[in-house]
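Read-outs: derived from the displayed coordinates by stated rules, not from any lab. If you're wondering where the values come from, they're calculated on a predicted model, not measured in any experiment. Backbone-built Cβ (ideal geometry, glycine too); neighbour counts: all protein chains shown.
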There are 2 protein chains.
Amino acid sequence: MVSELEMIEALRSVAVGIGDDAAVLPGGLVFASDMLVEGVHFDRERFDAFAIGRRAAGANLSDMAAMGAVPVCMVAAFGVPKGFEDVAALAAGIADYGVDLVGGDLTRADQLVISIAALGRAERPVLRSGGRPGDLLVVTGSLGGQAASGYTAEVTPRIAEGRVLGQVATAMIDLSDGIASDAGRLAEASGCGAIVELALLPRAAGATVEQAATGGEDFELLAAIGPEVSLPDWATVVGRLIPGDGLRLVDPDGVTVDLRGWDHFA
Amino acid sequence: MVSELEMIEALRSVAVGIGDDAAVLPGGLVFASDMLVEGVHFDRERFDAFAIGRRAAGANLSDMAAMGAVPVCMVAAFGVPKGFEDVAALAAGIADYGVDLVGGDLTRADQLVISIAALGRAERPVLRSGGRPGDLLVVTGSLGGQAASGYTAEVTPRIAEGRVLGQVATAMIDLSDGIASDAGRLAEASGCGAIVELALLPRAAGATVEQAATGGEDFELLAAIGPEVSLPDWATVVGRLIPGDGLRLVDPDGVTVDLRGWDHFA
């Protein structure tokens, strides 16, 4: 059995530029693709078509934000099971962020499948791989809100913030799987290690420290920024890149925390 | 029960620019999206992963060709069922036309789902809607080959031909469903009627006239071109746009043929 990681590695061997939130094309164009599948990413009993469309586009636009890009437009392809009639509501949800949906393809499928490709522009596209030891790790907004609220499918892509951070960041990623995973990805792509101080994580209302560290779907941005740069007041420093490799989550005494035991620590 | 046509109409009401093979963006960029679903578009028992990937990209690149565009790059998203391990071969099939696959997304799904978005450039993007009464209808290559051979999943997108025809065509579409359907779409988008002379259809080896008219998956181009334009010798005139609406398929005596009875006519 081939693992998902092995499949991604196989894909990387064929495709140019896989490994960032979006591909960077000549002329500052960035190009990203995302697929949402019923039963994997969402549940039709829990969310209506508008919310599902909004969630799908939100994740994709968050990828744009993570590149420091401003989205230009999107195309969507829908796999639609028998009996599903809400394509217009799906499309309305996708278009709800004000980014034009300029094309669509519709086909039959057993599960509802939504695939969105977004095109954006960035004066200075930011990859995951440019971080250097000594860079501060900063996040937008607050973390763990989706985990604390039982996942609402609500996404606010940080386009404006991404554009600001994109002027100064050495590396950037959006937090789709939680900083305990995504900070490691940024550090690995940058050839560094990373330390995240759990006490510094800006927690969403009701979120535990563990939820702030490991909860998914927050779609906030994590940027690496040189220590000499003055930060906007909405950005929170949560750690730094260090020489070496691996991500360490530490308590206020600098002791590495094993998140499997996190409930006791909190 | 809402029909697929009603869903497409609903989508059209939200999305800007749906109705062509690709969306046209400022600066001559064109942007298209396609989704292929196992059991709907292909059968994994019959085709290997490389062939499926090649078929998926071929259909998308054919959309580029139909706009008179040269493809720049593609992104792909894959929904992968348990036990499917050939993502690298899928991606290799997609990249087989020499157009860079610059990004990918991978997720679980019950059926194998492949969604490709392509970005291209056209000096003069050709829509379906620019045809005028009096324009000749011309096709590339030969028709009915896929129907005659039992559908091989083999696609040769007519990029070079699309670029040449794109310099002079008033409207263009690729023949994915057969000229008996697609010529009607071009005519309707152009606000015209159309006549296609069945005896003029360039038939692929072994193809009946009915297969040439109604067989899908040929992915040849159908262009409307003013009668004063000199045509390349690989283009075949098969009919013309006329005032009014509707598509008529006619025999050499100009008598309208009902394709339900076509076997007897042949």
For peptide B:75-87, compute the average count of partner chain beta-carbon atoms within 10 Å of each residue's beta-carbon. 6
Given the candidates B:Gly246, B:Ala23, B:Gly150, the one whose Cα lies deepest towards the positive end of the charge dipole of chain B, counting +1 at each Lys or Arg C-beta and -1 at each Asp or Glu C-beta, is B:Ala23
Under the rule of -39500 (n - 2.57) per DSSP H run of 4 or more residues, summed and divided by the residues of the protein assembly as shown, what mean residue ellipticity at 222 nm is obtained, to the nearest 500 deg cm²/dmol? -7500 deg cm²/dmol
About the Cα centre of the range A:183-238, what is the dipole size in debye to 20, counting +1 per Lys and Arg Cβ and -1 per Asp and Glu Cβ, all else neutral? 60
To the nearest Å, what is the center-to-center distance of the range B:95-134 and the range B:135-161, using C-alpha atoms only? 17
Can you tell me, using C-alpha contacts under 8 Å and at least 6 residues apart, the relative contact order of the range B:123-176 as a whole percent? 71
What net charge do the residues around B:Ile52 carry, taking every other residue with its C-beta under 11 Å from that of B:Ile52, with Lys and Arg at +1 and Asp and Glu at -1? 0
What percent does the relative contact order of chain B come to when contacts are Cα pairs within less than 8 Å and at least six residues apart? 21
When the expected Rg is taken as 2.2 N^0.38 Å, what fraction or multiple of it is the alpha-carbon Rg of chain A? 1.01
Does anyone have the angle between helix B:4-14 and the longest principal axis of chain B? Alpha-carbon axes, 0 to 90°, nearest 10? 80
Volume in Å³ per residue [convex hull over Cα atoms, computed for the range B:46-86]: 84
Tell me, what is the percent relative contact order of the range B:48-196, built from C-alpha pairs under 8 Å that lie six or more residues apart? 34
When all alpha-carbon pairs of the protein assembly as shown are counted, what percent fall beyond 46 Å? 18
Per-peptide average of other Cβ atoms within 10 Å, ordering B:190-198, B:219-227 highest first: B:219-227, B:190-198
Relative to the first principal axis of the alpha-carbon coordinates of chain B, what is the inclination of helix B:179-190, with its axis defined by its Cα atoms, in degrees from 0 to 90 and to the nearest 10? 80
Residues other than A:Ala92 with Cβ under 10 Å of its Cβ, Lys/Arg counted +1 and Asp/Glu -1, net out at -1
Exposure proxy ranking, count of Cβ atoms within 10 Å, fewest first, for A:Ile173, A:Ile159: A:Ile159, A:Ile173
Please list A:127-138, B:229-240 highest first by mean number of surrounding beta-carbon atoms within 10 Å per residue. A:127-138, B:229-240
